[in-house]
Amino acid sequence: MAIHEECGVFGAWAPKNENLASTAYYALYALQHRGQESCGIVVNDDGIFTTHKNLGTVGEVFTPSVMSDYPEGTMAVGHVRYGTTGGTNRANTQPIVVNHQKGKLALAHNGNLSNAYELRTELELNGAIFHGTSDTEIIAYIITQQRLKTPSIETAVSKTMDLLDGAYSLVLMSSAKLIAARDPNGFRPLCYGKTEDGTYIIASESCALTAVGATIERDLLPGEIIVFDENGIHCDTSHCGTRTHSPCIFEYIYFARPDSVIDGVSVHNARKEAGKLLAKRHPVDADLVIGVPDSGLDAALGYSEESGIPFSIGFIKNKYIGRTFISPGQGNRIDQVKIKLSPISSEVKGKRVVLIDDSIVRGTTSGQIVSLLRNAGAKEIHMRISSPPFLNPCYYGTDIDSRENLIACHHSVPEIADIIGADTLGYLDIEDLSVMIGSNQFCHACFSGNYPTAVPTHTEKGRFEGKLSERKKNK
Ligand code: SF4
């Protein structure tokens with residue numbers, strides 16, 4: 001699987017001083033799957049911000065000595081990042097901390113703006129200087145500008161949302177307030193919960209709430225702003241309903257952890273349902289069903305339940321794979337698959353195997369996995385994919401390749417089966433996705449090309465070709 005998502009966000013508000021750096025640490029650990037390039041935590045101790053952020057995973061960056069330097073506080077903001085724009089460098093690490101005439105601000109963001117180019121160009125023409133290249137810096141700049149003209153930080157956030165287009169789940173902190181905001185399309189998940197001692201926790205996924213002992217209260221509504229301060233919780237729903245709810249369907253298929261619940265739908269159940277739908281759409285005579293760990297396992301279970309073909313563990317995944325596996329070079333991926341996955345010969349030898357994975361991007365990784373199974377003695381390999389074919393890039397925070405590298409843009413399904421070495425291949429249909437999550441409101445643009453927001457043509461030419469050339473350089 002070669003697709004990466006860009007970020008997980010975290011926030012905490014406590015009624016009294018607590019070791020919130022530690023809470024943030026455990027929550028970010030639970031969100032690590034959303035980004036392994038960099039991470040950061042800012043703790044607010046009576047208006048004084050203590051910040052540490054760096055390139056690396058949570059375990060690498062937050063050593064015992066770093067953690068011991070954090071004071072207790074009543075608020076914290078945290079972030080894990082996989083950069084889909086702007087490359088890997090310290091200037092793009094988050095949370096971003098800004099000092100301005102009316103105070104200070106720490107901001108963490110998940111998603112990509114679809115009008116970032118226009119916003120940045122206009123701001124630069126008006127004298128703005130950016131240190132990094134992330135959309136988050138643009139958002140921080142606009143909020144700061146608005147804050148100078150508005151009576152409160154939440155009004156500044158609301159005014160900023162009037163200007164933003166695309167995907168943004170935000171957690172930000174001023175000296176006295178913690179604020180969470182979700183874009184009106186609701187592309188990326190964002191929820192909040194509460195611990196027994198009254199600390200509010202905001203996180204990209206509910207698995208992070210569970211990790212720190214909080215019970216989920218609810219997801220933020222698309223367009224909602226929630227403020228946590230000494231007066232309690234206040235909600236601003238003035239942006240709600242201004243756009244069609246378009247949560248990213250790929251959160252359910254691949255990005256999110258299966259133990260998370262997003263907008264009331266269990267990710268595990270959605271994946272299992274995808275497997276059942278695959279079994280109905282693409283049945284086959286076979287001896288066992290296996291999934292590519294980890295994101296193919298739940299769908300494999302569903303395929304097995306629906307078809308009656310026994311489920312088995314066909315691959316062992318190396319648990320000790322570090323962030324080096326986020327390496328974008330295609331040459332690296334070919335070698336790395338063998339290190340990452342190892343087939344269990346005794347299970348698959350001489351068998352007709354249904355192999356479930358969540359997606360095919362370039363086809364390189366899928367070909368490697370099929371070849372591993374073949375070498376382990378599988379007699380037949382019937383590959384089933386728990387998503388439709390990728391045909392379009394994503395503008396909302398997902399590192400889906402440009403069309404030139406998407407195998408489904410250039411080959412029919414039988415041709416792809418041939419290229420990856422599978423006996424047969426079957427994808428989920430777009431219409432299956434609404435059954436999968438029990439709703440027909442979601443973004444499926446990478447499959448259908450129907451984008452929920454305006455897509456500026458220069459975005460693909462500029463941003464995405466930029467990202468691609470970065471990849472090519474790294475090959
Ligand atoms: Fe998700 Fe695809 Fe939409 Fe991007 S284009 S937000 S990956 S469904």
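Throughout, read-outs are computed from the coordinates displayed, never taken from laboratory work. A quick note: this is a predicted structure, and the numbers were derived from the prediction, not measured. Every residue, glycine as well, gets a Cβ built from its backbone with ideal geometry; the counts of neighbours run over all protein chains shown.
Take the Cα pairs of region 1-132, get the Kirkwood Rh, then feed it into Stokes-Einstein at 25 °C and 0.890 mPa s and tell me D in µm²/s.
The diffusion coefficient I find is 159 µm²/s.
Of the listed pairs 16/159; 53/319; 194/276; 338/379; 272/351, which have alpha-carbon separations greater than 27 Å here? Don't jump to the answer; show the numbers that get you there.
Working: 16/159 31 Å; 53/319 25 Å; 194/276 35 Å; 338/379 20 Å; 272/351 23 Å.
Listed pairs above 27 Å: 16/159; 194/276.
Mind checking which aspartates and glutamates have their C-alpha under 16 Å from residue 149, skipping anything on the same chain fewer than 8 residues away?
Here the aspartates and glutamates satisfying the reach criterion relative to residue 149 are 162.
Among rounded, prolate and oblate, which fits region 131-198 when a ≥ b ≥ c are the square roots of the eigenvalues of its C-alpha gyration tensor, a/c under 1.5 means rounded, and a/b larger than b/c means prolate? Spell out each step's value before the answer.
Details: a/c = 1.78, a/b = 1.25, b/c = 1.42.
Verdict is oblate for region 131-198.
In debye to the nearest 20, how big a dipole does the chain give about its Cα centre with +1 on each Lys and Arg Cβ and -1 on each Asp and Glu Cβ? The partial results should precede the final answer.
Working: 44 positive and 54 negative charges, 218 e Å.
The calculated dipole for the chain is roughly 1040 debye.
Taking the chain as the reference, fit the longest principal axis to its C-alpha atoms, fit the long axis of helix 267-281 to the helix C-alpha atoms, and give the angle between the two in degrees, 0 to 90, nearest 10.
So the helix axis and the longest Cα principal axis differ by about 30 degrees.
Provide the gained length on full extension for the span residue 46 to residue 339, in nm with one decimal, where the gain is 0.36 nm per separating residue minus the Cα-Cα distance. Could you put the intermediate results ahead of the total?
Values: separation 293, 0.36 × 293 = 105.48 nm, distance 4.79 nm.
Additional length available on full extension: 100.7 nm.
May I ask which residue of 15, 310, 171 lies farthest towards the positive end of the charge dipole of the chain, with charges of +1 (Lys, Arg) and -1 (Asp, Glu) on Cβ and the Cα centre as origin?
With unit charges placed on the Cβ atoms, the residue in question is 310.
For the chain, take the longest principal axis of its alpha carbons; what is the angle in degrees between that and the long axis of helix 465-474, to the nearest 10 within 0 to 90?
Roughly 70 degrees between the two axes.
What is the calculated FRET efficiency for residue 429 to residue 404, with r their C-beta to C-beta distance and R₀ = 35 Å, to the nearest 0.05? Provide the component values of the computation, followed by the final result.
Details: r = 25 Å, r/R0 = 0.71.
Efficiency computed from Cβ-Cβ geometry: 0.90.
Relative contact order of the chain, please, whole-number percent, based on alpha carbon pairs below 8 angstrom and at least 6 residues apart. Spell out each step's value before the answer.
Numbers: 1134 pairs, mean separation 67.3, N = 475.
In percent, rounded to a whole number, it is 14.
Mind checking the alpha-carbon convex hull of region 177-253 and giving the volume per residue in Å³?
Working: hull volume 5.9 nm³, N = 77.
Normalising the Cα hull of region 177-253 by residue number yields 77 Å³.
Over region 71-203, what lengths in whole Å, largest first, do the semi-axes of the equivalent ellipsoid take, defined as the square roots of 5 times the eigenvalues of the alpha-carbon gyration tensor? Could you put the intermediate results ahead of the total?
On the way: eigenvalues 106, 60, 45 Å².
In descending order the semi-axes read 23, 17, 15 Å.
At 20 °C and a viscosity of 1.002 mPa s, what translational diffusion coefficient does Stokes-Einstein give for region 175-322, taking Rh as the Kirkwood radius over Cα pairs? Give it in µm²/s as a whole number. Show your work: numbers first, answer last.
Values: Rh = 17.4 Å.
It diffuses with D of about 123 µm²/s by this estimate.
Can you order the peptides 153-161, 237-245 by their average number of other Cβ atoms within 10 Å per residue, highest first? If you can, show how the numbers build up before the last one.
Numbers: 153-161: 21.2, 237-245: 15.4.
Taking the mean over residues of other Cβ atoms within 10 Å, the ranking is 153-161, 237-245.
Local charge sum around residue 130 (other residues, Cβ-Cβ under 13 Å, Lys/Arg +1, Asp/Glu -1)? Write down the numbers at each step before the final one.
Working: positive: 120; negative: 122, 124, 135, 137.
Net local charge, residue 130 excluded: -3.
Output the 0 to 90 degree angle, nearest 10, between the alpha-carbon long axis of helix 297-307 and the longest principal axis computed from the alpha carbons of the chain.
Taking the Cα atoms of the chain, the angle to 297-307 is about 50 degrees.
Just the C-alpha atoms of region 346-459: what Rg/Rh do they give, with Rh taken as the Kirkwood radius? Mind dumping the intermediate values first?
Values: Rg = 15.9 Å, Rh = 15.4 Å.
Result for region 346-459 is an Rg/Rh of 1.03.
List the aspartates and glutamates whose alpha-carbon lies under 20 Å from that of residue 340, not counting same-chain residues fewer than 8 positions away?
5, 37, 294, 298, 357, 358
Rank 420, 381, 350 by how far each Cα sits towards the positive end of the charge dipole of region 333-424 (+1 on Lys, Arg Cβ; -1 on Asp, Glu Cβ) and give me just the farthest.
350
Quote to one decimal, in nm, the extra length available between residue 439 and residue 176 on full extension: 0.36 nm per residue of separation minus the C-alpha distance between them. Write out the running numbers ahead of the final one.
Details: separation 263, 0.36 × 263 = 94.68 nm, distance 3.83 nm.
Gain in length upon complete extension: 90.9 nm.
If packing is taken as the mean number of other Cβ atoms within 10 Å per residue, what is the order of 309-321, 49-61, 33-45, 344-356, highest first? Write down the numbers at each step before the final one.
Values: 309-321: 15.3, 49-61: 17.2, 33-45: 25.3, 344-356: 19.7.
Sorting 309-321, 49-61, 33-45, 344-356 by mean packing, highest first, produces 33-45, 344-356, 49-61, 309-321.
When the dipole is taken about the Cα centre of region 84-152, and only Lys, Arg (+1) and Asp, Glu (-1) are charged at their Cβ, what size is it in debye, to the nearest 20?
Numbers: 6 positive and 5 negative charges, 72 e Å.
Computed charge dipole of region 84-152: roughly 340 debye.
Would you mind giving the three semi-axes, in whole Å and largest first, of the ellipsoid equivalent to the chain according to its Cα gyration tensor?
On the way: eigenvalues 301, 107, 87 Å².
Computed over the chain, the values are 39, 23, 21 Å.
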